[in-house]
Amino acid sequence: MDFDFSEDQTMIIDSARKFLEKECPKDKVRKLKEDEKGYDPETWGKMAEMGWMGLILPEEYEGIGMEFFDLTLLMEEMGRNILPAPFFHTVALCSLPILEYGTSEKKRNILPKIACGEEIWTLALTEPSASYEPSGIGIHAISSEEDYVLEGTKLFVPFANVADHLLVVARTSQQENPQEGITVLIVDAGSPGIKTEVIPTTANDKQCEVVFDKVRVPKDNVLGEVGKGWDIVEFILQRASVLKSAEMLGGAQFVLEMANSYAKERVQFDKPIGSFQAIQHKLAGVFIDVEGLRRLVYEAAWHISTGLPSRLLTSMAKAKANEVYKRTCIEGIKVHGAIGFTEELDLGLYYRRTKAFEFALGGTGFHRERVAVELEGYDPLFLRR
Amino acid sequence: MDFRFGEKEEKLRQEIRKFAKEELPPGWLSTMLEEESEDEDWEFAMSIAKKLAERGWLTMSWPEEYGGKGASLWEQLVYSEEASYWGIPGVTMGVGGVDWVGPSLMMFGSEEQKKKYLPLIASGEPDGIWCTAYSEPNAGSDFAKIQTRAVREGDEYVINGQKIWTSAAHRAKWCWIAVKTDPDATKPHKGISVFIVDMKSKGITVRPLINYVGHHIFNEVFFDDLRVPAANLVGKENNGWYQLMHALGFERGSIAGRCYGYNKRILDELIEYTRERGLFREREIRHKLADVAIELETQKVLAYETIWKMSKGASPIYEPSRDKVFNDHILERLAMLGTEILGCYSQIDPLSRNCKWTKLNGHMESLFWLFLGYAIAAGTDEVEMNIVGQFGLKLPKSY
Ligand SMILES: Cc1cc2nc3c(=O)[nH]c(=O)nc-3n(C[C@H](O)[C@H](O)[C@H](O)COP(=O)(O)OP(=O)(O)OC[C@H]3O[C@@H](n4cnc5c(N)ncnc54)[C@H](O)[C@@H]3O)c2cc1C
């Protein structure tokens with residue numbers, strides 16, 4: 001049992017924090033809210049130079065071959081400093097499943113481009129049903145001789161406005177079990193018949209509606225096996241849930257720090273407000289939550305890094321992150337009083353991301369349900385003796 | 001980063017499981033607060049303490065010369081976790097014998113005290129049972145304001161005053177007591193000293209206090225011209241506060257793991273019961289179980305973090321308070337959920353746990369009625385939150 005970071009990990013944290021503070025100050029975050037692309041290509045290029053997009057890709061694909069856990073730490077820093085960029089989407093949602101399920105040809109063609117920051121990728125999973133269950137996949141890919149023809153609408157597809165490629169989760173056959181008959185297709189975002197429209201989310205994070213109108217996808221562009229796409233979605237869900245939770249952890253930690261320093265500075269009734277127990281206990285409660293979330297996220301990430309079963313822990317982490325992030329922002333704003341209610345205070349930028357974070361890869365109820373399923377099938381220790 | 005235990009710890013884990021299987025009746029469950037109440041429970045606990053002592057587990061963290069094994073913090077953690085998961089009774093030697101009396105004596109006690117008292121605790125015999133008398137009617141959370149006085153007369157001290165909420169005083173051979181030796185000290189905590197008192201001495205009266213469940217856990221203890229040899233002063237006169245604060249550190253290694261192990265057992269029992277009764281179908285129940293399971297996993301990793309910090313040589317200040325608050329919050333949730341799942345059956349009086357209608361050995365009811373005791377004992381939640389705010393967040397003192 002050892003909770004220390006390695007030297008490499010400490011370096012990732014330090015360099016990411018410095019880089020993001022310099023490259024992505026809050027006035028830039030505010031400016032990017034109005035930006036059509038929603039990210040800064042120049043910063044993106046620098047991130048690629050730092051090796052971030054290929055952080056955990058093997059060297060043969062121009063990556064630097066670090067571990068999943070290291071990526072978790074990087075995401076935490078991005079959440080701490082709010083980086084508006086299609087990083088999570090390209091790396092977590094797409095490069096990881098491609099690395100795991102892609103043919104060697106696909107990997108050779110795609111991954112180096114991702115690692116070098118040349119291409120932006122995203123995952124088109126949810127639909128107007130807004131469900132993360134397999135039954136939520138209604139969009140059809142109808143098989144013809146050399147193509148699949150995609151027909152239908154994907155909703156809440158992040159950064160589809162700038163993506164070069166999409167991984168589209170579609171139904172290729174109708175089966176009794178909704179998990180079966182699902183296939184993941186690699187789709188060129190420039191294919192004829194794709195129409196993308198940005199949804200005005202509070203997080204200004206460029207989630208899109210993507211309409212597929214008879215879009216032809218070459219048969220060769222199937223990721224993994226036909227009909228077995230839900231395995232890939234499960235693979236993505238676990239990893240991306242942890243990485244999203246790490247991002248939320250970083251944000252919550254920063255909000256807590258903001259509120260805590262404000263509680264020490266702001267004087268009312270001749271005392272720093274942090275000396276009032278109502279304020280102090282609020283902050284202490286948030287602090288306990290954030291510390292707990294940190295360890296839980298790390299444990300889940302470590303399980304993935306080590307190749308241990310991680311379904312239970314990843315859903316635990318995301319369910320907890322959803323609640324802790326929200327609560328931290330709310331209490332943090334209350335501690336600030338009226339200034340907390342303004343656009344001027346950075347805290348609002350964090351709070352505005354609450355719902356985007358919460359429902360990325362499933363809300364609390366969805367993850368609780370996954371935990372419950374694991375518990376139901378669990379074999380209690382005391383019966384095993 | 002590594003969330004695995006070493007081989008040594010895993011081996012110990014298996015040994016303790018084997019012990020539990022061999023020494024405890026089938027289906028055994030025990031609560032943390034009850035063992036001193038009924039004679040039968042107490043005798044069983046003492047018989048197990050003896051067996052734990054024989055294996056060197058009872059005081060495993062102590063050096064060999066005092067009857068321990070020099071076990072690492074991680075081994076202690078595994079032991080605490082497993083012992084409470086399986087409900088192994090008799091692990092504490094009353095209130096504090098193992099957790100703070102022994103370790104404090106090793107740090108501050110005289111040679112004579114060490115030779116006399118440490119082997120008694122490590123032996124698991126009734127003569128090694130302690131109670132701890134800090135609280136008084138007018139000094140609870142604000143413990144430095146205690147009024148019980150010890151006055152030196154020749155080579156004796158004379159103690160007068162009253163303690164309250166003294167758990168296991170009716171079972172203990174010794175009392176670990178904090179008293180005022182200098183009521184005029186510049187600050188109240190600078191006039192406190194710690195003594196060892198023989199509970200069979202003349203001048204002590206123990207009066208039971210029964211909790212609302214009907215258990216006899218704690219007592220009032222009165223001291224009337226009790227004469228204690230000066231040799232029973234622990235450490236230096238008026239240095240008691242410092243010694244006690246220091247001794248708190250020793251508890252830390254065992255408490256959080258103990259709490260997690262206990263909670264985990266409750267959760268496991270609830271999962272099994274829910275499954276048997278087909279209640280997993282109910283979304284509300286399954287989600288509440290999931291939620292508590294998430295909190296428990298969080299508790300586990302926080303407890304491990306505290307031990308990890310200690311293993312790095314740190315002396316955690318706010319973490320034990322954090323872990324205490326967190327545990328109280330989990331106990332409350334488990335108590336609420338457990339009795340909700342039991343429904344009507346949760347009405348059965350925990351004192352009648354042999355009733356044919358009792359479910360899960362009356363454990364859920366016990367938890368429901370007792371969780372408030374845990375939440376108040378050894379530092380209320382509010383006081384622990386003050387510590388988290390003050391030392392974890394460096395906020396100004398709030399009172
Ligand atoms: C089951 C049980 C076993 C116990 N065993 C022992 C034992 O063996 N030996 C022993 O010495 N004592 C023992 N105690 C006593 C225990 O340590 C005290 O009850 C505890 O310290 C609180 O003191 P009090 O009960 O006097 O409450 P008070 O201190 O009077 O507190 C009353 C309320 O005021 C709040 N409060 C007090 N101060 C503050 C503050 N600064 N900020 C915010 N809120 C505050 C408290 O949180 C609480 O809600 C036991 C208690 C219980 C319940």
Rounded to the nearest 10 Å², the accessible area of B:S135 at probe 1.4 Å
40 Å²
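Below 8 Å, C-alpha to C-alpha, sequence gap of six or more: please give me the relative contact order for chain B in percent.
14 percent
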13 Å beta-carbon shell around A:I13, net charge (K/R +1, D/E -1):
-4
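Taking all pairs of different Cα atoms in region A:7-119, averaging 1/r and flipping that mean, what Kirkwood radius in angstroms comes out?
On the way: mean 1/r = 0.0696 Å⁻¹.
After inverting the pairwise mean of 1/r, the radius is 14.4 Å.
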Taking the convex hull of the Cα atoms, report for region A:291-385 its projected area averaged over all directions, in nm².
8.0 nm²
Round to the nearest 10 and report in Å² the accessible area of A:E67, as given by a 1.4 Å probe over the protein chains' heavy atoms.
100 Å²
Bins of 10 Å, beginning at zero and ending with the bin holding the largest distance: percent of Cα pairs per bin for chain B, please.
5, 22, 32, 27, 11, 3, 0, 0
Helix B:283-311 vs. chain B, principal-axis angle (Cα, 0 to 90°, nearest 10):
40 degrees
Can you tally the net charge around B:P183? Count Lys and Arg as +1, Asp and Glu as -1, for every other residue whose Cβ sits under 14 Å from the Cβ of B:P183.
+2
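Taking all protein chains as present, what is the carbon and sulfur share of the accessible area of region B:130-237, in % to the nearest whole number, probe 1.4 Å?
On the way: 2350 of 4800 Å².
The value for region B:130-237 is 49 percent carbon and sulfur by accessible area.
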Accessible surface buried once B binds A (1.4 Å probe; total of both sides; Å²)
5200 Å²
Tensor-based shape of region A:152-245 (alpha-carbon gyration tensor, a/c under 1.5 rounded, otherwise prolate or oblate)
oblate
Ignoring everything except DSSP H segments at least 4 long, calculate the 222 nm mean residue ellipticity for chain A; use -39,500 (n - 2.57) per segment, divide by total residues, nearest 500.
-16000 deg cm²/dmol
Reachable aspartates and glutamates from B:K397, criterion Cα separation under 15 angstrom, eight or more residues apart if same chain
A:E265, A:D270, B:D142, B:E382, B:E384
In percent, how large is the relative contact order of chain A, given Cα pairs closer than 8 Å and 6 or more residues apart?
15 percent
Report the Stokes-Einstein translational diffusion coefficient (µm² s⁻¹, integer) for the protein assembly as shown, Rh taken as the Kirkwood radius over Cα pairs, at 25 °C with viscosity 0.890 mPa s.
85 µm²/s
Considering only C-alpha atoms, what is the centroid distance from region B:26-69 to region A:2-67, in Å?
54 Å
Radius, Kirkwood style, for region A:225-375 when every pair of distinct Cα atoms is counted (Å)
16.4 Å
Which residues qualify? For B:V234, with a placed amide H closer than 5 Å and at least 5 residues away or on another chain, they are B:V194, B:F195, B:I196
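Let me check I've understood the local charge: for B:P208, count other residues with C-beta under 14 angstrom from its C-beta, Lys and Arg +1, Asp and Glu -1. What total comes out?
-1
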State, as an integer percentage, the relative contact order of region B:191-246 based on alpha-carbon contacts under 8 Å between residues 6 or more apart.
48 percent
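Rolling a 1.4 Å sphere over the protein heavy atoms, what is the accessible area per residue of region A:7-119, to the nearest Å²?
Result: 44 Å² of accessible area for each residue.
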Set of aspartates and glutamates near A:K113 by C-alpha distance (under 15 Å), chain-local residues within fewer than 8 positions excluded
A:E49, A:E59, A:E60, A:E62, A:E105, A:D164, A:D188
If each DSSP helix of 4+ residues adds -39,500 (n - 2.57) and the sum is divided by the residues in chain B, what number results at 222 nm, nearest 500 deg cm²/dmol?
-15000 deg cm²/dmol
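The values are calculated or read from the model by the stated rules, or taken from the named source; none is laboratory data. None of the values given here were measured: they were computed from a predicted structure. All Cβ positions, glycine included, derive from the backbone under ideal geometry; neighbour counts span all protein chains shown. For the accessible areas, the whole protein counts, side chains as well, though only heavy atoms, and no ligand, DNA or RNA atoms are used. Shrake-Rupley method; radii C 1.70, N 1.55, O 1.52, S 1.80 Å.
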